[in-house]
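We did not get these values from a lab; they are worked out from the coordinates using the rules stated. Model, not experiment: these values are computed from the prediction.
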Amino acid sequence: MSRRTNKRKEAAPARAGAASCTVTVCRGCCCGTPKIPGVDHAAQLVALRRAMPDGAQVRVTGCLDSCERANVIVVQPSPAGRAAGGRPVWLGLVNDEDAATDIAAWIGAGGPGLADPPGILDIYAFSPSRRVRAELADG
């Protein structure tokens, strides 16, 4: 899911990457709305914020234009993770109550580029179009 190079620092403390990972949560036209029934969207956001390790940021944004995969969450690597080859990881259909815990555990271990995600997150991972990725990078 996240690219890594040989620059990965195996001996680095796990929480070093968490210092500035950013989690972007879509709450646009479909994500976080009654269009996705059976999900307590407000509770999902609260759980995600509570589960994050110190230093990690959770930000809410408007539509990320991947509505067919609502709810969408993007995990952006820390500077150390990016230097190690990590890239933003897009997660879609994140409608499970336990997803916040899995995402937070990964970030606590370092996040993209520094730690492998829990295997369960593989079912959520997807690659958005280049245009959509570029819009997030600009914002």
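Per-structure values
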| item | result |
| --- | --- |
| Cut-off under 5 Å, modelled amide H: who pairs with VAL60 long-range | VAL25 |
| Derived scalar couplings ³J(HN,Hα) [region 108-120; Karplus, 6.51 cos²θ - 1.76 cosθ + 1.60; whole Hz; x for Gly, Pro] | x, 7, x, x, x, x, 10, 8, 6, x, x, x, 4 |
| Mean separation of Cα contacts under 8 Å (6+ apart) over length of region 26-139, as relative contact order % | 27 |
| Stretchable slack from CYS67 to SER127, in nm (0.36 nm times residue separation minus alpha-carbon distance) | 20.3 nm |
| Projected-area mean, region 18-138, by convex hull of Cα positions, square nanometres | 6.6 |
